[in-house]
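Have a look at the structure below before the remarks.
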Amino acid sequence: MSEKELNSYRFLSGEDPTDEMLECIMRDALESAMNRRREAEKRIKAEVERQRKLHKEKWYDRLNSYSNEGI
């Protein structure tokens, strides 16, 4: 199916899509959803790593200050 044929179909036209059209539409939707999921996972992973580093530094400083108080 050509890109032009696929782009010409509208769900509101009152016509049912052909099986081929529906397969292409669903494949595009799946690809789009998977790309969004991958990007979200990257953002979440980066944020978790940022938070982990921040808390590690905070606790390192706190523990270091306690150990220096005993000196």
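A few comments on the model shown:
- Scoring GLY14 on the criteria (1) exposed (fewer than 10 other Cβ atoms within 10 Å of the Cβ); (2) at pLDDT 95 or above leaves a single failure, condition (2).
- Counted residues, segment 17-71 - those being open to solvent by 90 Å² or more (accessible area, probe 1.4 Å) and within 22 Å of SER2 (Cβ to Cβ): 7
- Filtered by the rule that a residue be assigned to a helix (DSSP H, G or I) and either modelled with pLDDT of 70 or more or loosely packed, with under 10 Cβ neighbours inside 10 Å (or both), segment 1-11 gives GLU3, LYS4, GLU5, ASN7, SER8, PHE11.
The values are calculated or read from the model by the stated rules, or taken from the named source; none is laboratory data. Being a predicted model, the structure only gives us computed values, none of them experimental. Because the Cβ atoms are built from the backbone with ideal geometry, glycine has one as well, and the counts that use them run over all protein chains shown. Heads up: the accessible areas ignore ligands, DNA and RNA and are worked out on the full protein's heavy atoms, side chains in. Shrake-Rupley method; radii C 1.70, N 1.55, O 1.52, S 1.80 Å.
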